[in-house]
Each structure stands twice: as C-alpha cells, then as structure tokens.
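A short worksheet on the structure shown next.
The values are calculated or read from the model by the stated rules, or taken from the named source; none is laboratory data. All figures in this text were calculated on a predicted structure; none of them were measured in a lab. Please note: Cβ atoms are built from the backbone with ideal geometry, for glycine as well, and neighbour counts cover all protein chains shown.
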Amino acid sequence: MNLTEFFLARHANTVWNSERRFQGQKDSPLSPEGIRQSKAFSKTLDEIKPDVIVTSKLMRAKETARHAIENTKKDYLVFEYEELNESAFGPWEGMKLEDVKRDYREAFEKHRNAPHLFSMAGAETYTQVQTRAIKGIKRIARDFPEKRVLVVTHGLTLLCILGYIRNIPLDIIRDKIDIPGNTEYIKIDWFEDGNEKCQKQD
C-alpha cells in the first residue's frame with residue numbers, strides 16, 4: 001500500500017476575488033495582494049519541501065505556483081492536471097456576487113444552502129466537481145506514490161475534495177467545511193493499494 005502526502009492549497013487572490021466576482025473556469029489575473037501572497041507562499045514551500053507541485057490548468061493556480069517557486073530560487077517539478085480546475089459556473093462567470101443573488105435567486109439559494117440540489121445549464125453540479133477532482137487526486141497518487149505533493153487548486157474544488165475525504169454528504173458540506181483562504185493549505189495522507197482502493201485520513 002502506497003502513501004502519498006498531499007498539501008492541498010488554494011490559489012492566491014485575484015482581481016475578481018477582490019471584486020467578488022464568480023470566476024469558475026474563466027481567469028482573471030492575480031491582484032497585487034495575490035502576487036504578494038504567492039511570493040510569501042515560498043516560505044510554505046520551504047516548510048513543506050514538496051517533491052512535486054501539481055496545479056490546475058487555470059492561470060491563477062499556475063501563477064501562484066510560479067511566483068512562489070521564483071521566490072525560493074529552487075527547482076521544482078510542476079505538472080498541470082485539468083481534473084483540478086475550478087467548477088464551471090456557466091453564466092455566472094464574471095458576474096458579481098450581488099448580481100448573481102439578484103438575477104439567479106433560486107439557483108444561488110440551492111448552490112449555497114442545498115448543494116446536492118444545485119443544477120444549472122452550463123454549470124457543473126457539486127457531484128460532477130467532486131467526481132472529477134477525486135479522479136485527479138487518485139491519478140496523482142498513482143503517478144507519485146510515496147511522494148510529498150503540493151496541489152494548487154480552487155475553492156469549490158477543495159470543498160468537494162475535503163467533503164469526500166471527511167465523508168461529509170454534499171447536502172451539508174457547506175455547513176461543515178470552511179473553504180480555505182487564498183494560499184492556505186490542508187495536509188492529507190492518501191493510502192492506495194494495487195487495486196486502487198483508497199483509505200483517507202485528515
């Protein structure tokens with residue numbers, strides 16, 4: 001049975017984060033605060049000492065890792081996994097939070113208070129995000145057994161990964177788990193045997 005040590009981090013602050021806009025699979029650049037956070041994240045790299053860094057394919061995750069690495073002056077192997085992308089939010093992407101609340105009242109209510117019921121054209125459901133993200137985590141565990149892996153990903157993606165690991169149903173996931181802040185990370189140990197059966201622990 002192989003152990004992979006994961007350090008699951010959220011990307012740094014972006015312009016759209018500061019403007020309280022939904023990002024989803026669209027990108028906005030890191031804000032000045034986000035660049036500062038990313039450079040400061042180099043200290044976390046020095047603490048974690050990852051063997052490998054894996055990011056989503058979205059620019060804000062890649063830029064977070066890039067700034068952190070450049071500030072360490074060390075070489076790291078960096079890989080991009082599409083499975084770690086943020087949830088697709090369809091028509092909400094680029095919209096301000098207050099506008100979504102006003103124009104998509106019922107869908108937004110489900111998204112925040114009944115996640116298991118959320119469904120909207122062009123958007124991923126929580127189940128779809130969780131299934132995709134866990135597929136990515138399992139793929140990393142197979143690709144990098146016995147390694148320490150820093151994963152730079154996204155808020156809702158992290159929420160769904162942590163819900164799976166902690167066996168928390170989607171209907172109460174937002175009540176039980178706080179989404180990590182920008183550049184915050186959570187460590188998990190992932191055990192996987194040859195049959196791809198997983199034992200998770202926080």
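Is it the case that some residue within the stretch 80-95 is at pLDDT 95 or above, over 21 Å from V129 (Cα atoms) and outside any loop (DSSP other than H, G, I, E, B)? Within the stretch 80-95, none of the residues are at pLDDT 95 or above, over 21 Å from V129 (Cα atoms) and outside any loop (DSSP other than H, G, I, E, B).
Condition (residue is under 20 Å from N17 (Cα atoms), under 19 Å from the mean Cα position of the chain (by Cα) and of a type in the set (S, T, N, Q)) applied to the stretch 113-126: is it met by at least one residue? Scanning the stretch 113-126, I find no residue that is under 20 Å from N17 (Cα atoms), under 19 Å from the mean Cα position of the chain (by Cα) and of a type in the set (S, T, N, Q), so the answer is no.
Applying the condition of being touching a strand residue (DSSP E or B) at 6+ places or on another chain (Cβ under 7 Å) and free of Cβ contacts under 8 Å to residues at least 60 places away in the same chain to the stretch 31-59 and asking which residue is nearest to G181 (Cα to Cα) yields S31. Applying the set (1) touching a helix residue (DSSP H, G or I) at 6+ places or on another chain (Cβ under 9 Å); (2) buried (at least 17 other Cβ atoms within 10 Å of the Cβ); (3) among the hydrophobic types (A, V, I, L, M, F, W, C) to I179 leaves exactly one unmet item: (2). A Cβ distance below 9 Å, combined with a sequence gap of six or more or placement on separate chains, defines the contacts here; from the stretch 66-78, residues that are free of Cβ contacts under 8 Å to residues at least 12 places away in the same chain reach residues that are among the β-branched types (V, I, T) in the pairs D75/I69.
Pick out, from the stretch 1-66, the helices (runs of 4 or more DSSP H) lying fully within it that include 2 or more residues that are buried (at least 20 other Cβ atoms within 10 Å of the Cβ) and of a type in the set (S, T, N, Q).
Values: elements: 15-18, 32-40, 42-48.
Of the helices (runs of 4 or more DSSP H) lying wholly inside the stretch 1-66, those with at least 2 residues that are buried (at least 20 other Cβ atoms within 10 Å of the Cβ) and of a type in the set (S, T, N, Q) span 32-40.
Looking only at residues of the stretch 84-112 that are under 21 Å from the mean Cα position of the chain (by Cα) and aliphatic (A, V, I, L, M), we find that the one that is surrounded by the most Cβ atoms within 10 Å (Cβ to Cβ) is L84. Going through (1) at pLDDT below 95; (2) over 20 Å from T44 (Cβ atoms) one by one, K101 falls short only on (1). Total residues in the stretch 9-29 satisfying the condition of being of a type in the set (A, V, I, L, M, F, W, C) and more than 24 Å from K187 (Cα to Cα): the figure is 3.
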